Every structure is written in C-alpha cells, then in structure tokens.
1. Roughly how many percent of the accessible protein surface of the stretch 1-131 is carbon and sulfur, given a 1.4 Å probe and a whole-percent answer?
2. Against the longest principal axis of the chain, how steep is helix 33-45, in degrees 0 to 90 to the nearest 10, with axes from Cα atoms?
3. If you take the charge dipole of the stretch 1-135 about its Cα centre, with +1 on Lys and Arg Cβ and -1 on Asp and Glu Cβ, which of HIS89, LEU6, MET55 is farthest toward its positive end?
4. Taking square-rooted eigenvalues a ≥ b ≥ c of the alpha carbon gyration tensor, is the stretch 52-163 rounded, prolate or oblate, where a/c under 1.5 means rounded and, failing that, a/b exceeding b/c means prolate?
5. Looking only at the stretch 154-180, which residues have a backbone nitrogen under 17 Å from a spot 7 Å from the Cα of THR190 in the C-beta direction?
6. Add +1 for every Lys or Arg and -1 for every Asp or Glu among the other residues with Cβ under 15 Å from the Cβ of ARG12, and state the total.
7. Taking only Cα atoms, what is the 0 to 90° angle, nearest 10, from helix 174-184's long axis to the longest principal axis of the chain?
8. Trypsin sites (Lys or Arg not before Pro), restricted to the stretch 190-242: which are DSSP loop and have at most 11 other Cβ atoms within 10 Å?
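The values are calculated or read from the model by the stated rules, or taken from the named source; none is laboratory data. Because the structure is a prediction, the values reported are computed rather than measured. Cβ placement follows ideal geometry from the backbone for every residue including glycine, while neighbour counts extend to all protein chains displayed. The accessibility values were calculated without ligands, DNA or RNA, using every heavy atom of the protein model including side chains. Shrake-Rupley method; radii C 1.70, N 1.55, O 1.52, S 1.80 Å.
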Amino acid sequence: LEAIALGLTGRRDVPMPDGWSDVSVRLMNSDDPTVNAQATALALTFGDPHALEKMRRRLVDTKADRAQREEALVSLLAKKDPGLASTLHTLIVDDAMRGPALRGLAAYDDESTPGAILRAYSQFSLSDKRDALATLASRAKYAAPLLAAVAEKRVPAPDRTADLVRQLRNLDNPAINDQIEELWGVARMTTEEKKAEIAKIASLVTRRSGRRDAWLGRAVFAKTCAQCHTLFGAGGKIGPELTG
C-alpha cells in the first residue's frame, strides 16, 4: 500500500485497477489503523464508491474525532462529491463543523445555500460570520440574496466590512455593483501610488533590522490615525477597528 501510494503521489484521479473492489472493503475495515488509512486514501484516489460512502458517514458522525471529520470533508471536496452541498447545509448547525462546512459550500453552486446560511446567520460567532460572508460573496448567485439581507438589516452594520465590498466588486457583475453603490455608496479602488506607499510602510513594519521605536509609532497613531480608527480600545469609530 505504501509503494502504490508513493507511485501515485500528486495524482487525484486514477482509474480503479481490476480486482480492487474485491479487496478494498476488507482493507478499509482492517483492524490495523495504518492499513485502514492507507487503503481508504487509495480508494479515494480510485474513486471507489465504498470509500466515498465511508467518508460521508464519518463526516456526519458527531461522535467521531473532529480532525477525522475535517479530513473526510477535505477528501469529499477534492472528489467534488455531488451530494455534499446538502450535507453541508445540515452541518451549519453543528458547532464542531460549522466553519469548515461554511467554507466548503463556496465550492458548490447550489441555490439552497444562501437561504441555509442566512437563516442561521444571527447565531454564528464572529469567525463563522466571516466564513459565511466570504462564501456568500464568492459567486453572483449567492451575492444577490446576501445583498437583500444587507438591505433588510439581517446582516448587521459591523459585519459589512470593506473586504466584503471588495470581494463583491471582484465578481464584476453590473447588477451587483449597482446594489453596492445603493447600499454602501461609491467605492473607489486603491490607486497604484497608494499601493506603493502601503507596500513601503509594510516593509518598514516587518523588517527585522534597524532601529524601531514603538512609542513613537504610538504617538503617530494618536496624532493621525486615532481620529477615525480604534487600536486596543483607544480612538475613533469612523473607520474599521485596527486591533489585530
């Protein structure tokens, strides 16, 4: 099994060898965890339906280890399992798998996804909300229900970040751009000159050599940035929170 896996490194889809189905179930159910894992990985590479079904069962098994469930999800996403979207909808209410499920849904063009996410949105943690909004902004079909929810204030104002607007604009959809201007106003892209200045400042912040004065930086923030931005509890509320 190790030799076969090594020979197939980097290949996702390989025709199932003759006779594989005669031995695959026994190998995947082996009491030896190493044999079990190796056989299952190979079976997925071969598109073995027994392996896919095993991963589907593991994914929804609330008693299984979370890492194993996430591994099962990665395997099913890699194979583009056609029935996975509906399963992920049910996992939106599973605390252990909510984040991975929300991120996984971005890979599927399923018309039920926006409704499933938005119905549960108010119960999400901050990180889960970010995953949800990123998925809803990933394609035009999802963006329309998202913008409707924004207009109806089902997505609170603090959740509507500049990153979200940029991601929606990247869809390059005229109807969506019109809605963005209606809800947020005109958003201008960063100029090349401004990008160069940002890159220069970022290089100064991250460099490991040379003299640095954190207190001087704090004074600059207090004089210039704090009029609009909050950092560690101090500053204004006009611009985005910068802590972190």
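1. Reported share for carbon and sulfur atoms: 51 percent.
2. 80 degrees
3. HIS89
4. It comes out prolate by the Cα gyration axes.
5. 161-170
6. 0
7. Between helix and principal axis, roughly 50 degrees.
8. Taking the stretch 190-242 and a limit of 11 other Cβ atoms within 10 Å, the loop trypsin sites (Lys or Arg not before Pro) found are ARG207, ARG208, ARG211, ARG212, LYS237.
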